[in-house]
Amino acid sequence: MLTLIANRQPPTANTCLNSQFQIELIPSPSKGVPMSQQVLKPRVRGFICITSHPDGCAAAVREQIAYVKSRQPIQGGPKSVLVIGASTGYGLSSRISAAFGSGAATLGVFFERNGEGDKPGSPGWYNTAGFHAEAKKAGLKAVSLNGDAFSAELKAQVIESIKSKMPGGKVDLIVYSLASPRRTAPDGVTYKSVLKPTGAPFHAKNLDTDKKVVNEVTLETASADDIAQTVKVMGGEDWELWMNALDGAGVLKEGCQTVAYSYIGPQVTWPIYKDGTIGKAKEDLERAGRKIDSLMKLHRGRAFVSVNKAVVTQASSAIPVVPLYVSLLFKIMKAKGTHEGCIEQIQRLFEKQMYNGNALDFDENGRVRIDDWEMAPDVQKAVFEAWPHVTTETFDAHADFAGYQSDFMKNFGFGLAGIDYEAPTEVERPIEDA
């Protein structure tokens, strides 16, 4: 059964930017239907989506699995994988690609909640329940631990699970894909990250996705403490702690690899991202990657940071300016046939860079760039030719808002084909080791 950490706080992974939906949770009117069976509809309040659909989340997982199965099996791929931050976004896709593309046993770590009574659980919980169900059908080993990935206690539980449940008691790939607004560090202090520019206030064009209005946003400059706290939460310190703990416990296979995910993006987002508080944290992540790489070389392995493409995730949707940029980007990349979501990006990373006899292709700063199609000069030129002309009135002509909204709602299990959203569904979904 799934191991739970005591004294959990409600997860914050549901924080996300809105679509146009303003629909309330509708309890099933059917007599005799248990409270835990509900008719679930999207319920979005400003930047927060507070409902998710278990059957829809499972269907979204199956869509990703189907894509992986449509590709050739990964040769020389991982067989025993730890994914830290495995329930949504790039972490979930990494778990799916490793399991269904390489036949790997996977151990996933996340911080989510199951449904209880008439309250639905978080999408990450339902994604994991769906993944476990499909892994069990396919005869693939799947183990999950739910709790605070920043804590020493959970690290110890993971090590014990690797020793007792993973093939050979070791892992050959560790994916670090955490996104959190806060972290309690080993010093006992809880740090909070912020989305702010550094150096000067930031003023730019923005998209109010709730009203589908192109407006302006201004963000005040971060303080030195803001920067330091954001680095503590989103930088590389915890990745280092994980790798040192795993190494000290003797659970790293020879040739083991570890990768952490990052984003750089276009110049228009740099004040809030690359040059902002998040960017300072990502610089620290790269610092940690270089240090961890020295450790991994002792095991004939390696550590690196992969810079990925802009996609609609629960984390990225909350960043000002990004939804507008993503809406423009999607329209352009779809027209060129180069658009990718999380699963296509990770599958390409595994197929073309990490495995199948390939060598990693690093940029001048030692990063692997699978955002290369996004950052292609012709794509970026098209985005920035459109940028000055985008207004509320011209938005649809320049942007793929429908695609943005569809991806947003799929993150919560809504808008999936084949799901009866008018029927009651069980909100309490157990996760059992496969």
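FYI, it's all coordinate maths here, none of it is from the lab. Fair warning: this is a prediction, and the values are worked out from it, not measured in the lab. Positions of Cβ are backbone-derived with ideal geometry, glycine not excepted, and every protein chain shown enters the neighbour counts.
Each other residue within a Cβ distance under 13 Å of residue 326 adds +1 if Lys or Arg and -1 if Asp or Glu, for a net charge of -2. The Cα center of the range 252-285 and the Cα center of the range 103-147 differ in position by 26 Å. Placing unit charges on each Cβ (+1 for Lys and Arg, -1 for Asp and Glu) gives the chain a dipole about its Cα centre, and among 313, 295, 239 the Cα reaching farthest toward its positive end belongs to 295. Packing, as the average of other Cβ atoms within 10 Å across residues, places the peptides 281-289, 217-225 in the order 281-289, 217-225, highest first. Mean-square fluctuations from a GNM of the chain, with a 10 angstrom spring cutoff on Cα atoms, peak among 54, 377, 120 at 377.
Applying 1/(1 + (r/R0)^6) with R0 = 41 Å to the Cβ-Cβ distance of residue 372 and residue 426 gives a FRET efficiency near 0.45.
Here r is the Cβ-Cβ distance between residue 220 and residue 119 and R0 is 45 Å; the resulting FRET efficiency, rounded to 0.05, is 0.80.
Please give the net charge around residue 78, taking every other residue with its beta carbon less than 11 angstrom from that of residue 78, where Lys and Arg add +1 and Asp and Glu add -1. That works out to +2. Seen from a random direction on average, the alpha-carbon convex hull of the range 3-426 projects onto 20.4 square nanometres. Over the chain, dividing the summed -39,500 (n - 2.57) contributions of all DSSP H runs of at least 4 residues by the number of residues returns a 222 nm mean residue ellipticity of -11000 deg cm²/dmol. Over all other residues within a Cβ to Cβ distance under 14 Å of residue 160, the charged ones net out to +2, with Lys and Arg as +1 and Asp and Glu as -1.
Loop-resident trypsin sites (Lys or Arg not before Pro) (DSSP state other than H, G, I, E or B) in the range 193-251 with no more than 11 further Cβ atoms inside 10 Å of their Cβ: 211. Relative to the current alpha-carbon distance between residue 392 and residue 138, full extension at 0.36 nm per residue lengthens the span by 86.7 nm. One decimal place: the segment residue 267-residue 69 gains 67.7 nm when fully extended, by the rule 0.36 nm per residue minus the C-alpha distance. Pairs from the table (41/410; 334/410; 165/309; 211/331; 69/141) lying more than 23 angstrom apart at Cα are 165/309.
Take the alpha carbon atoms of the range 155-189, find their center, do the same for the range 353-404, and report the distance between the two centers in whole angstrom. Cα centres, the range 155-189 to the range 353-404: 32 Å. Model label points for residue 298 and residue 358, set 7 angstrom from Cα along the Cα-to-Cβ axis, are 3.0 nm apart. Across the chain, the mean sequence separation of Cα contacts (distance under 8 Å, 6 or more residues apart), normalised by length, yields a relative contact order of 23 percent.
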